[in-house]
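First comes the structure, then the notes that go with it.
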Amino acid sequence: MAFLNAECTIQEMADQPKRHVSFSEEQGASAAAAAAQKKATPIIPKGPGGGWKIPPKYEVKQLIGTGSYGSVCEAYDHDKNRLVAIKKIGHMFEDLIDCKRILREIAILSKLKHDNIVAIYDIPAPQPSGDTFEELYIVMEICDSDLKKLCRTDVTLTMLHINTLLYHLLVGLKYLHSAGIYHRDLKPANCLVNQDCAVKICDFGLSRAIGDENPHMQDLPNTPRTGEDGGDENRAVPIVPGTARLKRHLTGHVVTRWYRAPELILLQENYTEAIDVWSVGCIYAELLGMLEGTKTEDRGPLFPGSSCFPLSPDHKHKTDYKFHTRGKHDQLNMIFNLLGTPPETEIENLERDDAKRYIKCFAARKGDGIASKFPHVEQPPCELLEKMLQFNPLRRIKVAEALDAPLFSAGASPIRDKTKETSATKMVSLEFEKEPDLDEKLLRKYFASEISRINQTNV
C-alpha cells in the first residue's frame with residue numbers, strides 16, 4: 001500500500017511457499033504423506049470464499065475490513081474492468097435501528113455525486129428476494145486506505161500533504177452541506193484516502209438530511225457574529241430543530257467522542273453544520289501531528305477523552321457530573337485545557353439551564369493554546385485550526401471561509417482549485433425519515449425502492 005510519496009511507501013510482502021519436486025519413489029512417498037497430513041489440517045480462510053451471494057461478474061480478491069455490520073472485500077468487476085469494494089451486511093433486521101442506518105447510508109450516497117464523496121456503484125438484488133432477505137451487498141468505490149490507518153503509519157508528512165488532505169476534505173464537506181446533509185460522524189476512519197492525497201468522505205449511517213426540515217429555517221436567537229471579517233452577520237442559518245422526534249436522534253452514537261463538538265456534548269437541541277467543522281478541526285490537528293519533529297508515540301487524537309458526560313460517562317460515576325468536571329480525562333476538560341473555558345457570555349447563550357450549571361462547575365482557565373500544542377507548525381495552519389475549534393459554533397469558521405484560507409492559495413502551485421468546489425443542485429430528502437414508526441415491513445419496502453432506483457440509475 002502506497003501513501004502520498006515514495007518516502008511514505010509500505011509494502012506488505014508474504015513469503016511464498018517453496019515448491020517441492022520429488023525425484024525418487026522415497027521422496028514421492030514422503031511428499032504424499034506430507035500432503036495427506038496437510039490436507040487433514042484445517043486452514044483459516046483469507047477471504048469469504050464462495051459464501052457471498054453476488055453476481056459472477058464480481059471476483060472477490062481479499063478481505064480488507066471488518067466491523068459490527070459485517071465485512072468489506074476488495075473485488076474485481078469484470079464488466080467495468082475496475083477494482084471495487086463490496087460491503088456485506090448480514091442479519092440486517094435483527095436491530096431495526098442499525099437497519100435504518102444502513103438504509104440512510106445507501107439513500108444518501110445514491111443522491112450524492114462528487115469526487116470527494118465515496119461513490120456507490122451497485123447493490124445486487126438480495127437473495128432470496130422479496131420479504132425474506134437478511135443480507136445485503138453494497139458495491140462501492142475503493143480507495144487505498146483511510147486517514148485513521150494513515151495516522152497510525154510510521155511515516156512523516158509534509159505541510160503540503162496535510163493541507164492538500166484538508167482541502168479535499170473541506171471541498172467534500174462544502175458539497176455535502178449544500179445538499180442539506182450534516183455528516184455527524186466525521187472522524188479519520190470515515191475519510192478514505194488515495195495515494196494522490198484525494199479524500200473521499202464515507203459512512204453516512206448517522207447523517208441527517210436537513211432538507212426535510214426546511215420549514216424550520218430561521219434566525220437563531222442571539223446570533224450576531226462579531227467576527228473580524230464582518231460579512232452578513234444576521235443571515236438565516238439552517239438548524240436541526242429541537243423536536244421530540246429529532247431529540248431521539250441525538251444520542252451518544254452521534255460523532256465519536258474524540259471528534260464531538262461541544263454543543264453535542266452539552267445536548268444542545270438546535271445545532272448546525274458547525275458540528276462537522278469542529279470534527280474536521282480535530283482531524284486536521286491529528287494530521288499536523290504527522291509532521292517531522294513529532295514522535296510516533298506522541299501522535300493521536302487532539303482530545304482523547306476517556307469519558308464524556310452525560311452521553312458516555314465514566315462507568316463508575318455515571319450520574320456524578322461533578323466528578324467529570326474534576327477528572328483529567330473527561331472530554332470537556334481536555335478541550336478546556338487546550339482552548340480555555342468559555343466566557344460567561346457564551347455560557348449564558350447555551351439553551352439548557354443544566355448545561356449552564358454544568359459548565360460553571362469546571363475550574364476557569366485560559367488554556368495552553370493551539371500554538372503550544374504545535375510549536376513546530378507555522379502560524380497560518382495554527383490560526384485556521386483555532387478558527388475551526390471555537391467553543392461557540394456561531395464563531396466557528398464556515399466551510400466556505402476555510403476554503404478561502406491563504407494557505408490553500410499560496411505558492412507557485414496552489415492547492416486550491418475552485419472548479420472542484422461545487423454545490424449540489426438540490427437538497428437531499430429522505431422520505432422514510434418522515435415515517436412515525438419505521439417497522440421491518442416498511443424498512444423492507446424502502447430498501448426495495450432504493451435498490452431498484454440505484455440499479456436503474458447505474459445501468
Test set (1) within 19 Å of residue 330 (Cα to Cα); (2) at pLDDT below 95; (3) surrounded by 13 or more Cβ atoms within 10 Å (Cβ to Cβ) - residue 377 fails condition number
(1)
Mind listing just one residue for me: the one in the range 142-169 that is without any contact (Cβ under 8 Å) to a residue 60 or more places away in the chain and in contact with a Leu (Cβ under 8 Å, 6 or more places away or on another chain) and, of those, nearest to residue 194 (Cα to Cα)?
143
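Could you list, in sequence order, all residues of the range 93-111 that are part of a loop (DSSP other than H, G, I, E, B), closer than 30 Å to residue 425 by Cβ and of a type in the set (D, E, K, R)? Even if it seems obvious, please write down each step before you answer.
Quick first cut of the range 93-111, residues part of a loop (DSSP other than H, G, I, E, B) only: 93-95, 110-111.
Add one more test, that the residue is closer than 30 Å to residue 425 by Cβ, and what stays is 110-111.
Hit for the range 93-111 is 111, nothing else.
Take residues that are over 19 Å from the mean Cα position of the chain (by Cα), farther than 19 Å from residue 395 by Cβ and at pLDDT 75 or above and tell me which of the helices (runs of 4 or more DSSP H) falling wholly in the range 256-329 contain 1 or more.
none
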Listed by range, helices (runs of 4 or more DSSP H) wholly within the range 346-459 having at least 3 residues that are within 30 Å of residue 122 (Cβ to Cβ) and touching a helix residue (DSSP H, G or I) at 6+ places or on another chain (Cβ under 9 Å) are 440-457
Is it the case that residue 138 is in contact with a Cys (Cβ under 8 Å, 6 or more places away or on another chain), in a strand (DSSP E or B) and hydrophobic (A, V, I, L, M, F, W, C)?
no
Select, from 114, 161, the only residue that is on the phi < 0 side of the Ramachandran plot, part of a loop (DSSP other than H, G, I, E, B) and surrounded by fewer than 22 Cβ atoms within 10 Å (Cβ to Cβ).
114
For residue 385, only one of the following conditions fails: (1) among the aliphatic types (A, V, I, L, M); (2) surrounded by 13 or more Cβ atoms within 10 Å (Cβ to Cβ); (3) closer than 17 Å to residue 331 by Cα. What is its number?
(3)
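Can you tell which of 384, 389, 403 is touching an Asp or Glu at 6+ places or on another chain (Cβ under 9 Å) and of a type in the set (A, V, I, L, M, F, W, C)?
Working: 384 fails: touching an Asp or Glu at 6+ places or on another chain (Cβ under 9 Å); 389 fails: touching an Asp or Glu at 6+ places or on another chain (Cβ under 9 Å).
Matching residue, one of 384, 389, 403: 403.
Only one of 397, 359 is among the β-branched types (Val, Ile, Thr), outside the structural domain of residue 126 (by TED's automatic domain parsing) and at pLDDT 95 or above; which?
Going through 397, 359 in turn, the sole match is 397.
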Considering residues of the range 117-143 that are modelled with pLDDT of 95 or more and more than 21 Å from residue 57 (Cα to Cα) only, the residue surrounded by the fewest Cβ atoms within 10 Å (Cβ to Cβ):
118
I'd like the residue in the range 74-97 that is of a type in the set (Asp, Glu) and under 19 Å from residue 131 (Cβ atoms) and, out of all such residues, is surrounded by the fewest Cβ atoms within 10 Å (Cβ to Cβ).
94
When the residues of the range 48-71 are filtered to those that are over 15 Å from residue 124 (Cβ atoms) and of a type in the set (A, V, I, L, M, F, W, C), which remaining residue is nearest to the chain's Cα centre (by Cα)?
64
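The values are calculated or read from the model by the stated rules, or taken from the named source; none is laboratory data. Only a predicted model underlies this, so the values are computations on that prediction, with no experimental measurement involved. Ideal geometry is used to build each Cβ from the backbone, glycine not excepted, and the neighbour counts take in all protein chains shown.
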